Amino acid sequence: MKVYISADMEGITGVANWEEVDHNKPAYAQFQKQMSLEVAAACEGAIAAGAKQIMVKDAHYSGRKSYHLTCLI
């Protein structure tokens, strides 16, 4: 099974409005870490369900990797 995950910071736990996840705001690093953890959890669930290939798309802002790939290993 192949899995495609599209992740956007506006949809993660704790985000109430777009301004909180602006990369120029102080809380950005906190939400970046949260997104990394949530994407990692989704990947772990997909693997547990039998996924053999997972593609993750960063759908936040310009798609410039709002998550840390090391959290996905």
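Side notes on the structure shown:
- Listed by first and then second residue, the pairs linking a residue in region 28-51 that is without any contact (Cβ under 8 Å) to a residue 60 or more places away in the chain to a residue that is surrounded by 18 or more Cβ atoms within 10 Å (Cβ to Cβ) and basic (Lys, Arg), with Cβ atoms under 9 Å apart and 6 or more places separating them unless they lie on different chains, form an empty list.
- No other residue among 7, 59, 27, 51 is modelled with pLDDT of 90 or more and either surrounded by 10 or more Cβ atoms within 10 Å (Cβ to Cβ) or β-branched (Val, Ile, Thr) (or both) apart from 51.
The values are calculated or read from the model by the stated rules, or taken from the named source; none is laboratory data. If you're wondering where the values come from, they're calculated on a predicted model, not measured in any experiment. Quick reminder, even Gly has a Cβ in these numbers, built from the backbone with ideal geometry, and neighbours come from all protein chains shown.
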